[in-house]
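Structure first, then comments.
The values are calculated or read from the model by the stated rules, or taken from the named source; none is laboratory data. Because the structure is predicted, anything quoted here is derived from the model rather than measured. All Cβ positions, glycine included, derive from the backbone under ideal geometry; neighbour counts span all protein chains shown. The area values use the complete protein model at the heavy-atom level, side chains included, leaving out ligands, DNA and RNA. Shrake-Rupley method; radii C 1.70, N 1.55, O 1.52, S 1.80 Å.
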Amino acid sequence: MISAEDSGEILKKRLSLSGADLNRVFILDRSDSIGMSFSDGYEEFADTVKAYKPALVIIDPGHNYLGDRVDMNRANEVRAVLSQLGRIAGQYRCAIILVGHLNKAQGNKSNYRGLGSIDFQATARSVLIVGRLKDNPQIRVMVQDKSSLAPEGEPIAFELDKENGFRWLGHYDI
């Protein structure tokens, strides 16, 4: 996990509450990743992936690591970064998840609600959107907005609370 928003300590606490085996998790948190930028090259990132051989890499939020030489609103610049991440994922046989945020625009299709260029969604093989239920904000529903390599998955719900942490609730009709 590479996180610009939460410290490794907070992430480990959340993962532990959810029953994760912390021996299988490596976190490069905001203090370790300050200054890391894909626009400066991919060597540090590729070396980390090569060393730890993860099955999954989560970058939260993805746009935070584009660097100041990449305009996240320009498709050609975003696509160049994402194609390099795809190359690294293929070379080291891992999945890479970029966490993103939605803009505040109302009424638009969900694939146009992501911050930055549409190429974040267009380049991805799968796009998942997570939202809270208005009548019960502890429950979130994850819906697949795009699936290029497999049939679209069914919406699934989970709950987050301070006492129990994370808990799957199962398929959800929404």
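Only one entry of ALA95, ALA89 meets the criterion of being open to solvent by 40 Å² or more (accessible area, probe 1.4 Å), in contact with a strand residue (DSSP E or B) (Cβ under 6 Å, 6 or more places away or on another chain), of a type outside the set (Phe, Trp, Tyr) and within 24 Å of LEU149 (Cβ to Cβ), and that entry is ALA95. Only residues that are in contact (Cβ under 8 Å) with a residue 40 or more places away in the chain and open to solvent by less than 70 Å² (accessible area, probe 1.4 Å) were counted in region 142-170, giving 2. Within region 30-45, residues that are open to solvent by 90 Å² or more (accessible area, probe 1.4 Å) reach no partner that is modelled with pLDDT under 60 with beta carbons closer than 7 Å at six or more positions or on different chains.
The listed residues are VAL81, VAL99, and the only one of them that is touching a residue at least 40 places away in the same chain (Cβ under 8 Å) and over 30 Å from ASN164 (Cβ atoms) turns out to be VAL81.
The set of residues in region 64-76 that are open to solvent by 50 Å² or more (accessible area, probe 1.4 Å) and either in contact with a Lys or Arg (Cβ under 8 Å, 6 or more places away or on another chain) or within 19 Å of LEU11 (Cβ to Cβ) (or both) contains only ASN64. Scanning region 115-141 for residues that are open to solvent by less than 40 Å² (accessible area, probe 1.4 Å) and out of contact with any helix residue (DSSP H, G or I) (no Cβ under 9 Å at 6 or more places or on another chain) returns GLY131, LEU133, ILE139, ARG140, VAL141.
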